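Structure record follows, encoded as structure tokens.
Nothing in this text is a laboratory measurement; each read-out follows from the coordinates by a stated rule. This structure is a prediction, so every number in the text was calculated from the model and none was measured. Ideal geometry is used to build each Cβ from the backbone, glycine not excepted, and the neighbour counts take in all protein chains shown.
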Amino acid sequence: MSGDFPKNAEEARLDRDATREELTETLEALGQKLDVKSRVKDGVDEKLDQATAKVADVTNEPTAVKFRQGADVVRSNPVPIFAGVLGLVILIRLILRRRNDS
């Protein structure tokens, strides 16, 4: 694209097609940057792979496989884990409050 006005219909078509291709590439790049959910998932997968490798280094391979399976279960259904952690936090807070009142 030279920036000049096309001289004939063929140049106009080529210019249009080049502009469309550039716009398509730009929109795809923006879409990837704005796809936060996918980027976070990729980051979590990478960290999980690193953690699994560390578990395998410290323990044995079957333990690392179980660790990965457990992490995948938590990722597929985090609500029960979240509810359990929330309940534990509430229980600890109640215990600490009773200790402070005594």
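Of note:
- Inter-residue pairs, beta-carbon under 7 Å, first surrounded by 12 or more Cβ atoms within 10 Å (Cβ to Cβ) and in segment 48-62, second among the charged types (D, E, K, R), 6+ apart: Thr52/Arg68
- Pairs with Cβ under 9 Å, 6+ apart, first in segment 17-29 and more than 25 Å from Arg39 (Cα to Cα) and touching a residue at least 12 places away in the same chain (Cβ under 8 Å), second of a type in the set (A, V, I, L, M, F, W, C) and surrounded by fewer than 10 Cβ atoms within 10 Å (Cβ to Cβ): Ala18/Met1; Thr19/Met1
- Residue in segment 13-35 that is in contact with an Asp or Glu (Cβ under 9 Å, 6 or more places away or on another chain) and among the hydrophobic types (A, V, I, L, M, F, W, C) present: no
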